[in-house]
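One structure is given below, encoded as structure tokens.
What follows draws every value from the coordinates through simple rules; no lab data is involved. Because the structure is predicted, anything quoted here is derived from the model rather than measured. Quick reminder, even Gly has a Cβ in these numbers, built from the backbone with ideal geometry, and neighbours come from all protein chains shown.
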């Protein structure tokens, strides 16, 4: 980590976003571990299937991190992230299902008022220790992936290579790269959930 004398898990969301904008991959991981549980719980308000929740969660973080330069620090980071998660969840729900369940059928992007009421996560020293441990597990779990996923996961999640760069580097179709990155992220998420039980 580039900051000496200070663990990334001790930094505020705003400081982590600043580092993320400098392409510090560790900052992305800390933000992920800090909000992963909350984002999944938020998505579960709209989607019931666990597999869908996990897919939407991963997609939400991917969208947020790819668009992090558009984050407005006047709002809480959690507000911005949960809004992206909610929009992503609604993208997965057909208009018919929304009407059947009496959910809004209009775009959520303008409805910031309700989102501003979501409280920011409260952190304590125990949370910071857990986040640091999860960050270490995340890196260790990347190394546990099968070869076909490990190399691509390293390039995308650690070295910040884009889909096209990976495809060119590995001489592989871009759709194959996208599929493998998605599967690698899904496997990593499952590994993060069960790793404590397996130790």
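When you count the other C-beta atoms within 10 angstrom of each residue and take the mean per peptide, 75-87, 20-32 line up highest first as 75-87, 20-32.
Packing, taken as the mean count of other beta carbons within 10 Å per residue, orders the peptides 141-147, 55-61, 161-167 from highest to lowest as 55-61, 161-167, 141-147.
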